[in-house]
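Worksheet: one structure, shown below.
The values are calculated or read from the model by the stated rules, or taken from the named source; none is laboratory data. This structure is a prediction, so every number in the text was calculated from the model and none was measured. FYI the Cβ positions are ideal-geometry reconstructions off the backbone, even for glycines, and counts take in every protein chain you see. Note: accessible area is taken over every heavy atom of the protein model, side chains too, but ligands, DNA and RNA are not part of it. Shrake-Rupley method; radii C 1.70, N 1.55, O 1.52, S 1.80 Å.
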4 protein chains.
Amino acid sequence: MYQVALFGAGRIGKVHAAGIASLPEAVLRYVSDVDGAAASALAARHGAEAATVEQVLADPQVAAVVVASSTDTHAELILRAAEAGKAVFCEKPIDLDLARAKACRDVLAASDAFAMVGFNRRFDPSFAALKARLDAGQIGRAEVLSITSRDPEPPPLDYVARSGGIFRDMLIHDFDMFRWLLGEEAVAVHAVGSCLVEPALAGLGDADTVLVTLRTGSGRLCQIGASRRAVYGYDQRIEVLGSAGMLQAGNLRRTEVRLATAEHVAEDLPPYFFLERYHEAYRRELAGFFADLAAGRPPSPSLEDGVRALELAEAATLSWREGREVVL
Amino acid sequence: MYQVALFGAGRIGKVHAAGIASLPEAVLRYVSDVDGAAASALAARHGAEAATVEQVLADPQVAAVVVASSTDTHAELILRAAEAGKAVFCEKPIDLDLARAKACRDVLAASDAFAMVGFNRRFDPSFAALKARLDAGQIGRAEVLSITSRDPEPPPLDYVARSGGIFRDMLIHDFDMFRWLLGEEAVAVHAVGSCLVEPALAGLGDADTVLVTLRTGSGRLCQIGASRRAVYGYDQRIEVLGSAGMLQAGNLRRTEVRLATAEHVAEDLPPYFFLERYHEAYRRELAGFFADLAAGRPPSPSLEDGVRALELAEAATLSWREGREVVL
Amino acid sequence: MYQVALFGAGRIGKVHAAGIASLPEAVLRYVSDVDGAAASALAARHGAEAATVEQVLADPQVAAVVVASSTDTHAELILRAAEAGKAVFCEKPIDLDLARAKACRDVLAASDAFAMVGFNRRFDPSFAALKARLDAGQIGRAEVLSITSRDPEPPPLDYVARSGGIFRDMLIHDFDMFRWLLGEEAVAVHAVGSCLVEPALAGLGDADTVLVTLRTGSGRLCQIGASRRAVYGYDQRIEVLGSAGMLQAGNLRRTEVRLATAEHVAEDLPPYFFLERYHEAYRRELAGFFADLAAGRPPSPSLEDGVRALELAEAATLSWREGREVVL
Amino acid sequence: MYQVALFGAGRIGKVHAAGIASLPEAVLRYVSDVDGAAASALAARHGAEAATVEQVLADPQVAAVVVASSTDTHAELILRAAEAGKAVFCEKPIDLDLARAKACRDVLAASDAFAMVGFNRRFDPSFAALKARLDAGQIGRAEVLSITSRDPEPPPLDYVARSGGIFRDMLIHDFDMFRWLLGEEAVAVHAVGSCLVEPALAGLGDADTVLVTLRTGSGRLCQIGASRRAVYGYDQRIEVLGSAGMLQAGNLRRTEVRLATAEHVAEDLPPYFFLERYHEAYRRELAGFFADLAAGRPPSPSLEDGVRALELAEAATLSWREGREVVL
């Protein structure tokens, strides 16, 4: 059984702590956080101990670390944990700065370190099933990918200010889905964006409503539509048109209840946000991490995947700012 | 935290063991089973101990027992556990014999025992939401209830032979849903049945495909359609027509993937069977049990609910056998 | 081209007049109605003439008559038109009185008359497609048929008073669907009913909410649920469970628009009532009538089908009144 | 009653002939076509006469003409008919050449001529209902429009060669929908395109799979995804995200039958192509034409609408060819 340390006792740290607890092959040994009380509370809930980063890395029984601390600490923790011989699962992104992310990737690539980036959507049961069917040829060759990605409501402005902008913060997931689903890199990126939800974002040099178009080397096309607001709930859909059909992964519903009245026939809403929508995906990505580790397989998604998605976010930001198609 | 003992380490026992493990307010202390190896294995998986019934009941630290052993042991275990002062959660049915079930209920009614029957469907998120909307008046007054209840495939013949027949074994859940949803008792029952799936059932005096009609005192109507076979998966739907609308609770889907080809636009199937479909319901019914216990509330569904559903199963069996409407 | 006369210039007469106008193989020649002004108006609209029954039957150029007059005139008009050598399309029912309906059928059976009864639902595109798929074996052998049949609102009391009761007036369509879809006769009928929508119906010896169960000779089962009120619109659904799957024919929607708000995701309602829902079915049944006529095929549904459905309505009425299963 | 002449007896001419026949306020008087036999056959079917353009325009009883002839004749016929004092309904486009289309518009704008362009999709019941709900504020302010527009299969290469390219031939409808739904003009257009369906199109300087992004002056965004092939049928969907919700207009289905088997739960396909999908829209646009004419209202969509959509098609073509965002 793998002994695991968790860095970060915040919202996503709690998700991963519960995920580890549900896996028979792993046990949570330590929780580390700059907020010692938060670390202690979360550790207590799962029979683990609060510890410093140094204590964690010095303990030879710790086989793996889960990095769920603030974004600016990711790269350093990855490097230190890998150096200490731990397998590393790190929440996206590696870093908001592309150069730092690449440097981190390069260091690990030169070693035999085991590091996985938390693009959880690859593990969503519906998206994973769509990918499996695509790979099985159920729609022939994929031609057009459409991704809809809308948050239920905009984040606080202070979060936005340090988020790296909507393309790095929010669409990075969608860029990873594009690469993963089509299995091919983009050769051109175009993005438009507006502040339609929160005018104050303009002052931060950010947008809240964006459309991105990508073209791959073989001419396949992808459109991503993202918004910081969808009042009906977290809207996460994927559609692939292929030469022999179409695959769609639709939204979940909170319940399967329908109400017919004199006005309409109404279904229940999608889950509110990512914690509800990707609950199972978070659990499965950790299971995948430990399965790769046990099998001696390179983990997937890799740090390279993290870098590539960030490159697309950079290109989209540039395209949007300069009003031009960016060739990669 | 409640220390809990589990009687029965079979399929449903495992579900409840995992359910207890997921609840912060309870901890599994003992597992007891006539198959000692099964008890030990399940206990080990959850940090509990294998024990005899006597050991469990003699331990004053055990606050509650979960009865998930074979049906013929339910009534006796309920009685002994209640006598020992334990709170009791018992899988349906109390007993296949109505007289024994009533006797058990009567003994507990004369004490201050705390006993709940496991009609898990009341705790299914969609069915519970439908009930809440019904009670909130979203469709006015309920007039007609339709329940569809189909297993994916018939059970082994030796299971059928000791099951008490389709009405007691399978439709008892639907009879409970009828009582729970309409909040009123039946005054007349009519049932028809056939052996269309498994001809050998006829030799056992059982049916595999049945339709039941119920009428309440105020004239409201209910139809239940049940089958031992639906090749597309476990079919569990509820529909209520009311004076101001209709509520429906539809099937879940394994994923939200849809495939459009030159032939059709295809959704994914419903979950295979009850373990998949009612996974969340099993967890929530145990949570409800401990919540009632903590709050000092009478548990729901009660032993009385268990007896009433069994009475309807008896009446339906009689109606089917004699080809006549049975007045209650 | 067939010259056609229409008896009845009321609501359903207008539907058939427009239907005839849309068919290249038929032309409306006469309209006859006790209300001469109504006959003249409808005739004028379609380039036809108002005429008496006698004039119509005396005109050798009239090849076919469509009987859409009041129910009590159907049997006589069928007999007279057949005697005059006209092909006859008659709205359901032949007569509310079973003996008269049988007598009418017997007279025509003894001749070589061509007469079709207007069970329009057989011609609904969705129901017809379901039937074709059933016959093609897409779900193996049919085992259970469920029919939902709900009007949007109850008819006026004076209509009800002369309607023959809900089983003859409304469920006769469903009884025909049962016979047509399963291709087998019922051996037992059970019905329950209540006055939940319009209490005054009780005084007329009628019900507004009913459930009917039928069993065929080979043990196949059917349940019909009907109500005089569904505030969300005309609810017309069919479901067939078979040994290898399930076929469902769902409601249409007025448009394909969906609205997602903070409350729900809402579809549009079903069509309001039969004129909207079965618009295409009415057109296709007339097309079928003329196609059978041109091909020299016996028309379907036949007068025999009309009699059989009425027999089931009688049996259901008896079952409901006496609270017992009726064996046929 | 308006006497109407039809120019063009081909596929779309036949649709309009039947549409005119179904309208009580119009009657088809003449059919004109370079293929005289086709004109005669269609005229005979609707009780009209074959005639030359000159004969039609010289007949003072002809109030309106419907131009459904080949695209290169549209502008001239519009001009001649308007000059002759006829109301003009013209199939899209006015002309494939923007300058000629503008010239035609300018001539008519200087007169009091009545001319409507056949953007039939505005009259589709679902799209029209979506527009009405949008205008009624059901989703607050519209922010993002997504249009999916896929043909079932590519046209013959010789058709493509004279079609003006996918943006002028196919997306012109979508550009009109964009303008109509958002009620605002585009300030920037970006398009990408590939030959994924029919490689031979590349040799014609055309694409078969395209994505277009538009931005309006107020920052609202639109994405259009179009393909010459969707094997599951004509895919015509619209989605609008607004500040208070989302409106979607989905595909129709050929029937409402669903089939559940051990593999999937399958719905019926969308209609095959535009004749089936927009059958009702074609009828309603003619009804709208005559209603506007009778009311003395300017017709909508106007020639100006035809020009504006063509301008967007030009801009998209340029953007795609040059790999850059085009500012308008």
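Worth a mention:
- Sequence-distant lysines (8 or more away, or on other chains) whose Cα lies within less than 26 Å of D:Lys131: D:Lys92
- Spacing of the two label points (7 Å from each Cα toward its C-beta) at C:Arg162 and C:Ala244, in nm: 5.1
- Antiparallel beta bridges, as assigned by DSSP with both residues in chain A, represent about 55 percent of the total such bridges.
- Cα gyration tensor shape for region B:1-95, rounded if a/c is under 1.5, else prolate or oblate: rounded
- Additional length obtainable on full extension of the chain from A:Glu276 to A:Ala294, 0.36 nm per residue less Cα span: 3.6 nm
- Radius, Kirkwood style, for chain B when every pair of distinct Cα atoms is counted (Å): 20.7
- Computed about its Cα centre, the charge dipole of the protein assembly as shown is approximately 0 debye, with only Lys, Arg, Asp and Glu carrying charge at their Cβ.
- Interface size D-B, as summed buried accessible area [1.4 Å probe, Å², nearest 100]: 1100
- Per-pair calculated FRET efficiency, R0 = 41 Å: A:Arg141 and A:Met1 via Cβ, rounded to 0.05: 0.40
- Shielding by partners - mean other protein chain Cβ count within 10 Å, residues of B:228-238: 4
- Each residue of region B:291-296 is assigned a 3J(HN,Hα), and the resulting list reads 5, 5, 4, 5, 8, x Hz, derived from the Karplus form 6.51 cos²θ - 1.76 cosθ + 1.60 (θ = phi - 60°), x at Gly and Pro.
- Förster-model FRET efficiency, 22 Å R0, A:Thr52 and A:Ala103, C-beta, rounded to 0.05: 0.30
- For region D:1-127: relative contact order, % (alpha-carbon pairs under 8 angstrom, 6 or more apart): 22
- Per atom type, the protein assembly as shown shows carbon and sulfur on 53% of its accessible surface, probed at 1.4 Å.
- Computed E for B:Glu153/B:Glu304 - FRET, C-beta separation, R0 35 angstrom, nearest 0.05: 0.60
- Across region D:228-277, C-alpha contacts under 8 Å between residues 6 or more apart give a mean separation that, scaled by the residue count, equals a relative contact order of 37 percent.
- Degrees between helix B:11-22 axis and first principal axis of chain B (Cα, 0 to 90, nearest 10): 70
- Shape call, region B:255-328: gyration tensor on alpha carbons, a/c limit 1.5: oblate
- Taking chain D as a Gaussian network of alpha-carbon nodes connected by springs under 10 Å, the highest mean-square fluctuation of the residues D:Gly85, D:Gly245, D:Gly193 belongs to D:Gly245.
- Here region D:112-233 is assigned +1 on the Cβ of each Lys and Arg and -1 on the Cβ of each Asp and Glu. Its dipole about the Cα centre then comes out at about 340 debye.
- Shape of the protein assembly as shown from the C-alpha gyration tensor: oblate (a/c of 1.5 or more and a/b not above b/c, with a ≥ b ≥ c the square roots of its eigenvalues).
- Remark: relative contact order (chain A) = 20 percent; criterion is Cα-Cα distance under 8 angstrom and separation of 6 or more residues.
- The same position C:Asp112 in the other copies lies at 6.8, 9.2, 9.6 nm from this copy, comparing label points 7 Å beyond Cα toward the beta-carbon, shortest first.
- Every helix of 4 or more DSSP H residues in the protein assembly as shown counts as -39500 (n - 2.57), and over all residues that averages to -11000 deg cm²/dmol at 222 nm.
- Of all beta-carbon atoms in chain C, the one sitting closest to the axis that brings chain C onto chain A gives C:Ala266, 2, with the distance in whole angstrom.
- Distance distribution P(r), region D:1-53, all Cα-Cα pairs, bin width 5 angstrom from 0: 5, 27, 37, 21, 8, 2 percent.
- Counting only protein heavy atoms and a 1.4 Å probe, region C:172-327 has 30 square angstrom of accessible area per residue.
- For region C:1-75, accessible area per residue (1.4 Å probe, heavy atoms of protein chains only), Å²: 44
- Across peptide C:186-195, the mean count of Cβ atoms from other chains lying within 10 Å of each residue's own Cβ comes to 4.
- Structure remark: mean-square fluctuation, Gaussian network model of chain B, C-alpha springs under 10 Å; the largest value among B:Val144, B:Val53, B:Val231 belongs to B:Val231.
- Under-5 Å amide H pairs with D:Arg229, H placed in peptide plane, nonlocal only: D:Asp151
- Fraction of antiparallel bridges per DSSP, the protein assembly as shown only, in percent to nearest 5: 60
- Exposure rule at most 12 other beta-carbon atoms within 10 Å, DSSP loop trypsin sites (Lys or Arg not before Pro): chain C longest free segment: C:163-328
- Averaged over the residues of peptide A:269-277, the number of Cβ atoms from other protein chains lying within 10 Å of each residue's Cβ is 1.
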